[in-house]
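J.: My questions will all concern the structure given below.
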Amino acid sequence: MQLILPPSIEIMDLNDLEFEEDIEETGKTLKENAILKAQFLYQKLKVNCIAEDSGLEVELSLIHI
């Protein structure tokens, strides 16, 4: 991501910010949880941020033998 952004924008993760607090994921979708995380972090740290909530999604199907 850093390669496509201007050099004036620094990419940092929560470890860089020494942030270890759990962020409650109460959204019903990945998008809702990402928005909740970004808003929570902005309110706590007062820095512009983006967040994601990717996860592994697996479609399950039953096999009857």
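J.: List, please: which pairs have Cβ atoms under 7 Å, are six or more places apart or on different chains, and start with a residue in region 9-27 that is of a type in the set (S, T, Y) and end with one that is outside any loop (DSSP other than H, G, I, E, B)?
T.: If the second residue must be outside any loop (DSSP other than H, G, I, E, B), the pairs left are T26/L36.
J.: Shifting gears a bit: Name, by its number, the condition in (1) at pLDDT below 85; (2) open to solvent by less than 70 Å² (accessible area, probe 1.4 Å) that does not hold for I23.
T.: With (1) at pLDDT below 85; (2) open to solvent by less than 70 Å² (accessible area, probe 1.4 Å) applied to I23, the lone miss is (1).
J.: Additional query: For region 1-20, what are the residues that are open to solvent by less than 80 Å² (accessible area, probe 1.4 Å) and of a type in the set (D, E)?
T.: If the condition is that a residue be open to solvent by less than 80 Å² (accessible area, probe 1.4 Å) and of a type in the set (D, E), then D13 is the only one that fits.
J.: Can you work out which of the residues in region 36-57 that are open to solvent by 80 Å² or more (accessible area, probe 1.4 Å) and of a type in the set (A, V, I, L, M) is nearest to L5 (Cα to Cα)?
T.: Across region 36-57, the extreme among qualifying residues is I50.
The values are calculated or read from the model by the stated rules, or taken from the named source; none is laboratory data. Computed from a predicted structure; not experimentally measured. Every residue, glycine among them, receives a Cβ derived from its backbone with ideal geometry; neighbour counts consider all protein chains shown. Each accessible area value is taken on the protein alone, full model and side chains, heavy atoms only, with ligands, DNA and RNA left out. Shrake-Rupley method; radii C 1.70, N 1.55, O 1.52, S 1.80 Å.
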